[in-house]
Amino acid sequence: MLTQDGPLIVQSDLQVLLDTRHPRAEHSQSRLARFADLVKRPGDLHTYRITSLSIWNALASGMTAGDILECLQSGSRYDVPGQVLDTLELLAWRYGKIHLVRKDGDVQLVCGEQQLAAELDADACVRENAVRMENGRWRLKPGKRGLMKQELLRSGYPVVDLAGYDAGEALQVELLAESRSGQPFQLRDYQAEAVELFHREGDVYGGSGVLVLPCGAGKTVIGIAALARLSCAALILTSSMTSVRQWRSELLDKTSLTPEDIGEYAGRGREVKPITIATYQMVTHRHASTGEYSHMRLFDERDWGLIIYDEVHTLPAPVFRRTADIQATRRLGLTATLVREDGREEDVFSLIGPKRYDLPWKKLEEQGHIAAVTCNEVRVALEGVNRDRYHAAAPRERNRLAAENPAKLAAVRELLGRHPGRPALVVGQYLKQLGELAGMLNAPLLTGQTPQEERMRLYDRFKQGEIPVLVVSKIANFAVDLPDAAVAIQVSGSFGSRQEEAQRIGRLLRPKRGDNTAWFYTLVTADTKETEYARKRQLFLAGQGYTYRVEEEFGRLDEHDRKDVAGS
Amino acid sequence: MNMRQVFSRLPEEAKARLGGQPLWRSWSGLAGGGLRDGAIGSDHVKESRKGLAAPVQDILAFIVRCFGPRPFPEEKLIQQYAAAAGRSACESRMACDELRRAGILFTVRKSWGDCLHFLPVDAYSAWNRELAPAAPRPHSESAGIRVDSPYRPRLSLQLLGMMAELAKQGIPVTAKGIIAKKAVAAASSRLLFTEEELALFRSADSAAGRYAVSFTAGLDAAIRAGLLKLGESGASWGEPELAEWLALPDGLRECRLLDWAEERFAAYDERFASSASLLRGLCAGSWYSRHELEKWVQAAGAGGGDVLTGWLGLMEAFGWLQTGRSAEGLEVIRWMMYPLAEGLPDPEPAAGSVLLLTGGELAVPHDTDYRSRWEIELMADLEREGPMTIYRYSQATISRAADNGRTSGQLIGLLTRASGGPLPEHAAQLLGEWGRAAGRVRFADVTIMSCSDEPAADRAEADPAVARLLIRRLGKRDFLIERSSIALLRKHLSAAGLEPSRRVEGESLCLYPLSPSWAEDAMQGTCLPLEETAAETAVFPNHREPAGLLQHPCPLYLYTLETVPADTEKRLPGIADIPAAWLQAMRDYHPSTRKEMLKHAIELGVPVKLDREGKVVDFIPRRLEEEGGNWFVAGQLSGQAESSLRLSPDMWRGMQLMIPPGLPAK
């Protein structure tokens, strides 16, 4: 086959492989990442996928169809299949054909393409939610802006929303040059870049979108910076009470806002202030008798100038629906991964906004903005009577027996001993095991039952270095702000959950003082199903370029010890 | 039949005689050249052509154009050619004999005595290119051409995949002697050409019955190359041939497959044969206007657009050719391989190096050495095919490799060589772990379950689901079991982390053939030494290529090759009865004598000289006609095919019978 010299291999299914060994790989990668989503980057061959969304996101960011085709053709090692080029051209052609504009006080749907306008005329959603004014122009019925965008996108036509935004209630918000905790504060360049790409100097092409950055990259800071840019009242939605507290803490630490400016709408709190922080759980809480989402009114409580959707990949469906009604408000989504289990990425695009920024994990690590994590899989032997019990047990019970392998306790102790003085987390699934560990290590145990105040107190003490080790249950999976955890030991996990593994490692990624290094250990009982689950769990991170070193034979007994255990 | 097959059937004296002919003098079969030169080159053809007299070149061109590589009876040729060229039958036969003496045209005799002439298919292909009008130039604007063809692996890769799937299954053959359906389905999935793409070609008709047409074609290619043998007793691998095939330079391997395709699909129809051979003369990698090619092929007499379309479609289906369009919308095509062996560059070691990704994935570029690829096909499953093909190895695939005799050390060695460097830790760890687990339990025969060590046996016995199926423990490592329990035991043992071997000792399945290891210097980047097998040496008198599955409507290999050109004297039967005077000088004869002379001339197929109004012309009489009590002779002027005369005896004066040069005169 005829071969050209390039780092890209473009497959007919719109996957693009990037060979990082090639001298031009970096140049191609920076362009490719603008119109293709990174799927995985295990080793030297990175996999990207081009989708209609990724193309439209690229066009929304200012790239042209010509740029995209040129990047592929000039960087490709083999011929770019013609149907790939045809598909990209078609997708690019569709972008920008349909606009929403504001005119004479109305939001109007405009399409200059004659054939397409005829199709829209016949479209049921357009007929139901808009009034035809003239050829290629419709006046939207009130409150239908979001729905129209959603439905037309589903039909394969992205809508460019140029109808602008309501400014919202003004609120003076400034970033401090020195945080209230006494540290100099400045946005890192990638954070500033992300804010710029979102804001776009206030023009109609900016002001809504999603920013994708790894755990530990400072998404909260970016959200705050965007808020300061807009200086308006804002509603912040996030995934847990702990996150609510973290947002509050960061806002007070890094901006000119005072406690009176910030309200918490979560748990027992119902404060609606110029900056209001709520949980998804709260706004989607249904009244027991009426079945209503009574807290959804929060979206209308104030004249919000900005709504921030933290962990937007977890956005619940009712919030999607409500968001469809508030398209005149600026919207910012933050996440470490824009992949949804329910496949509603298109809705994120149409209702929140296009992806404005996407930064791979390893790239941030190379730049030193997140810690360099060494990942280790430690194989722990299952010996003696425990082994016999495992083999005799039913399959479901075997998972627990492998996870609760008693030999893991000694392994945890030894691993902690490798990192004296480093703040460490021990994370697991089974409370009984965690309880034993906490007892053995003389460390506090945090579970879902731990009151919020107690949690915050323990977090503070951990941050201060008063507590060297924290034993935590699954609550560690969610937004836990532990900036100085340098070691995490996972004693058990939820089957093959890649997201859980990524989230737990994410607890280590915040940059550290000194060598900016962290260690992640996952304890896996050898010769059991746990090894298989471990392999699955590691796939996402392997795709991000992380490799696991395997330590075998941990805790294997010699003949003398084996006899002892067999006899017990 | 091709040149090699013809040569192998000739007796020694005929071979020696051929060696003196320009066409054969340089052919590697005689010269003892390497595998690269196993084809007839354009230079050989040009030299041979120079040595042919004009009438001989003329009849050759006619044969090439009208019969192609199809066999034909001599009389049919003479009838059509003599009239078309304005030559006498005898002159035509003479020219035919010249072609046979030159080793260009060959003859077979059927068992009941009929003879057929033919051009060996590869020789025909070369002659067609030589005699055709000049090929069009490549399209000048190659930038901006958009490729329309979807990716298709080249045929050799498709065949490799097909064979790998058969090999993994052990080529199971049913009691009726056909390959089991499951194996056929798996193997067929690797062939990306369809029944529709083969439908135009007559040989495809012969494939109907046992297997789908596509699979039959794939099998045929493998059988014809000696890679696979199918017989009444089952199937087996041609291991030396397979080793050689895997080690071939990519270009040569593909070229030989193109020879096969030309022979199997084009040779039955002179229009396809002509299109196929002409297209081979185009430059590899250059874009050509389809419209220009169509005009060229039609000018060369190869038939209409459908023929070219059909052949291009087949070439595209075999991954050898791409179609595209220029910026102006012009349809263009290009070869993705070197279509002629003489155009092949010097062979270089395969450059592609395998990438080992996490999660057991292997990224294998298209130009990876086939010997590595063969082993990768065993040790991993195909995930996605493309210019960079992705495979994934797993416990199950490593066990499969172990069942076929590969150790984890060998697999690590293979991947180290194929990737050009030490394995990443994650890969070495996985391979080691899975290799150790593989085959820890074996089924030695239908009633014994055998473990590799006592701990494995203890572990098996401790598992309740396994223990229920064990009849009795024999010693430290073995158990008695029911044969019917094997499938269930496999499942439970696998769940217990004891990956059992898939093989049962005593079953007669073919092991996956081992890819040959290659020489040290190959790893250091020097050219691969090309091996010659007995089949490729210069003289192999008993060589018979396997017949394959696609049948020729006229299988020449069934007939006896006529090696001695016809006795020249027998070309003029009855010459002895002709008065010498008729041959020696121009004379004026009585009309009845004239008639007699013409009758003999027609029977002998010779021309006559006629004196017409003081001008002597060479006339070829074709037939005598009677009308109103008078007789006439119809014929042509010699060398003037468009002329047509009907003469009465009073239209000339003197006449003389002509014996063509080269025949004995009286």
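Bear in mind these aren't lab numbers, they're just calculated from the coordinates by the rules spelled out. Bear in mind that the values here come from a model prediction, so they are computed numbers and not experimental data. Quick reminder, even Gly has a Cβ in these numbers, built from the backbone with ideal geometry, and neighbours come from all protein chains shown.
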3J(HN,Hα) from dihedral phi, region B:469-475, Karplus parametrisation 6.51/-1.76/1.60, rounded to Hz, x for glycine, proline:
9, 8, 7, 7, 8, 10, x
Pop out the Kirkwood hydrodynamic radius of region B:1-153 from its pairwise C-alpha distances, inverse of mean 1/r, in Å to one decimal.
17.3 Å
If one compares the long axis through the Cα atoms of helix B:54-66 with the longest principal axis of the Cα atoms of chain B, the angle in degrees, nearest 10, works out at 50 degrees
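Short version: what are the Cα gyration tensor semi-axes of region A:343-448, square root of 5 times each eigenvalue, largest first, in whole Å?
Here the semi-axes work out to 36, 23, 15 Å.
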Set of lysines with alpha-carbon distance to B:K15 below 27 Å, sequence-local pairs under 8 removed
B:K46, B:K50, B:K110, B:K570
How big is region B:304-453 by Rg and Dmax over its Cα atoms, in Å?
21.3, 72
Under the Kirkwood approximation for Rh and a Cα-based Rg, what ratio Rg/Rh is obtained for the protein assembly as shown?
1.11
Within 10 Å of each Cβ in peptide A:78-86, how many partner chain Cβ atoms are there on average? Round it to a whole number, please.
6
Taking 8 Å as the Cα distance limit and 6 or more residues as the minimum spacing, I'd like the relative contact order of region A:169-286 as a percentage.
29 percent
If amide hydrogens are placed 1.01 Å from N in the peptide plane, which non-local residues have theirs closer than 5 Å to the one on A:M133?
A:W138, A:R139
Backbone N under 11 Å from the B:A54 label point (7 Å along Cα→Cβ), restricted to region B:87-102:
none
Taking the 0 to 90 degree range and rounding to the nearest ten, how far is the long axis of helix B:591-604 tilted relative to the main principal axis of chain B, both from C-alpha atoms?
10 degrees
Point-charge dipole on Cβ atoms (K/R +1, D/E -1) for chain B, about Cα centre, debye to 20
920 debye
So, in nm, how far is label B:R587 from label B:R623 when the simple model puts each one 7 Å beyond its Cα toward the Cβ?
3.1 nm
Chain A: longest segment with zero exposed GluC sites (Glu not before Pro), where exposed means DSSP loop plus at most 14 other C-beta atoms within 10 Å, is residues A:1-168
Give the lysines whose C-alpha is closer than 27 Å to that of A:K144, dropping any in the same chain fewer than 8 places away, or say none.
A:K97, A:K103, A:K355
List nothing, just return the count: lysine pairs in region B:146-342, 8 or more apart or interchain, with Cα separation under 23 Å.
7
Straight-line reach from A:K141: which aspartates and glutamates have a Cα under 16 Å away, not including same-chain ones fewer than 8 places off?
A:D104, A:D106, A:D121, A:D123, A:E128, A:E151, A:D161, A:D325
Please list log₁₀ I(q)/I(0) at q = 0.17 Å⁻¹ for region B:575-657, using the Debye equation with identical point scatterers on the alpha-carbon positions.
-0.62
List the extent of the Cα atoms of region B:446-495 along each of their three principal axes, largest first, rounded to whole Å.
23, 21, 16
Please report A:R498, B:R623 as a ranked list, fewest other C-beta atoms within 10 angstrom at the top and most at the bottom.
B:R623, A:R498
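Once you've got the Cα coordinates, tell me which of A:K219/A:K408; A:K408/B:K491; A:K432/A:K529; A:K536/B:K491 are over 32 Å apart. It would help to have the intermediate numbers written out before the result.
On the way: A:K219/A:K408 35 Å; A:K408/B:K491 29 Å; A:K432/A:K529 20 Å; A:K536/B:K491 21 Å.
Violating the 32 Å Cα-Cα cut-off are A:K219/A:K408.
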Amide H neighbours of A:Q544 under 5 Å, at least 5 residues apart or on other chains, H built in the peptide plane: list them.
A:R41
Roughly what angle does helix A:65-75 make with the longest principal axis of chain A, taking Cα atoms, 0 to 90 degrees, to the nearest 10?
40 degrees
Give the separation of the Cα centroids, region B:221-250 to region A:274-325, in Å.
68 Å
Stokes-Einstein D for region A:365-567 at 25 °C, 0.890 mPa s, Kirkwood Rh over Cα pairs, in µm²/s?
141 µm²/s
Per-q log10 I(q)/I(0), region B:332-375, q = 0.25, 0.29, 0.34 Å⁻¹ (Debye; single scatterer per alpha-carbon; no solvent):
-0.97, -1.07, -1.16
What is the mean number of Cβ atoms from other protein chains located within 10 Å of the Cβ atom of each residue in peptide A:536-548, rounded to a whole number?
2
Quote the convex hull volume per residue of region A:490-555, based on C-alpha atoms, as a whole number of Å³.
100 Å³
Using a Debye calculation, one point per C-alpha and no hydration shell, please list log10 I(q)/I(0) for chain B at q = 0.08 Å⁻¹ in order.
-0.73
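Treat region B:146-342 as a sphere of radius equal to its Kirkwood radius over Cα pairs and apply Stokes-Einstein at 37 °C in a medium of 0.692 mPa s; give the translational diffusion coefficient in µm²/s, rounded to a whole number.
Roughly 186 µm²/s, to the nearest whole number.
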Nonlocal amide H pairs with B:H139, under 5 Å, H built at 1.01 Å
B:W287, B:Y288, B:S289
Of the convex hull enclosing the alpha-carbon atoms of region A:83-175, the direction-averaged projected area in nm² is 8.8 nm²
So the pair-distance distribution of chain A, from every Cα-Cα distance in 20 Å bins, comes to percents of 19, 48, 28, 4, 0
Using the Kirkwood formula on alpha carbons, the hydrodynamic radius of region A:8-94 in angstrom works out to 12.7 Å
